1. For the chain, take the longest principal axis of its alpha carbons; what is the angle in degrees between that and the long axis of helix 145-156, to the nearest 10 within 0 to 90?
2. Let me have the 222 nm mean residue ellipticity of the chain computed from DSSP H runs of 4+ only, each contributing -39500 (n - 2.57), with the sum over all residues rounded to the nearest 500.
3. Mind giving me the FRET efficiency for residue 227 and residue 171? R0 is 25 Å, r the Cβ-Cβ distance, nearest 0.05 is fine.
4. What is the order of 116, 224, fewest Cβ neighbours within 10 Å to most?
5. Take the Cα gyration tensor of the chain, multiply each eigenvalue by 5, square-root it, and list the three semi-axes largest first, rounded to whole angstrom.
6. Could you tell me how many degrees, from 0 to 90 and to the nearest 10, lie between the Cα long axis of helix 291-309 and the main elongation axis, the longest principal axis, of the Cα atoms of the chain?
7. Using Cβ contacts closer than 10 Å as the measure, can you line up 293, 20, 262, 71 from fewest to most?
8. If N is the number of residues in the range 39-80, what value comes out of its Cα radius of gyration divided by 2.2 N^0.38 Å?
């Protein structure tokens, strides 16, 4: 849990700025591309990388969606179903900063989050790109941060047109998914929490753990008091009773054991909502916010909500 918390603390700092991700040039032999990024500036990378290491949680699923194989990913998503389905047993899980194991892989491209304390060490091994989890005001998918991240990876992997196509199709698909709900969520309040060893964290929109599915795709609203709390106390550990100061109709709680009814009962009592309105999510599968995961998460939540309304 500590590894995953540190991962989210560094990878999910949401900033805003103009998008500058673009290809600048390609060598005459077509083997090397020079691209500009928002964080790493101009960098030369292989035109067709064969040995990619991705340390950001969002990138493996998106790479698979763009048709790329991956050699290694962050150890923090070792049990994620999307990664297992996409890459099987061949994928290597790496702890960030494990330089010796990284060198053994011999990557030709590394993509990591920003900031990353190991960035300079990675650069000594292979071309390394840092990406801030943000959406630029010039992004074609603003404010959907997760689609902007798909676009960024598309630029890196020379799949920009494919990323744009997938993003456009997804924006249409969200309408279809939302209509599958028996009861629409636009006038319903919801909160998203993540189990931690000392309590629970409350998560804002576009911060993974199902927040994209809940707030963006399905259209649940967030209480103004909860928004204010997240602005001032992001990543503060809370107990179930601390959530009682926020208005909500549903609570989605990411846990390691979805069969633990005591969690559901504790939140239902604290928030004075029906126990069936506290929906437990598998944190291992909901940690990532790549497009494959978000689709799967949305479908799971739709099924769970419809089952409770029948």
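1. Approximately 10 degrees, to the nearest 10.
2. About -10500 deg cm²/dmol.
3. On the way: r = 24 Å, r/R0 = 0.96.
E between residue 227 and residue 171, to the nearest 0.05, is 0.55.
4. Ascending number of Cβ neighbours within 10 Å: 224, 116.
5. Taking √(5λ) for each eigenvalue gives 35, 20, 17 Å, largest first.
6. That works out to roughly 10 degrees.
7. Lowest count first: 262, 20, 71, 293.
8. In units of the globular-protein estimate, the range 39-80 measures up at 1.26.
Only the coordinates and a few stated rules stand behind these numbers; no lab work does. On a predicted model such as this, the values are computed, not experimentally measured, just so you know. As a convention, Cβ positions derive from the backbone with ideal geometry for all residues, glycine included, and neighbour counts pool all protein chains shown.
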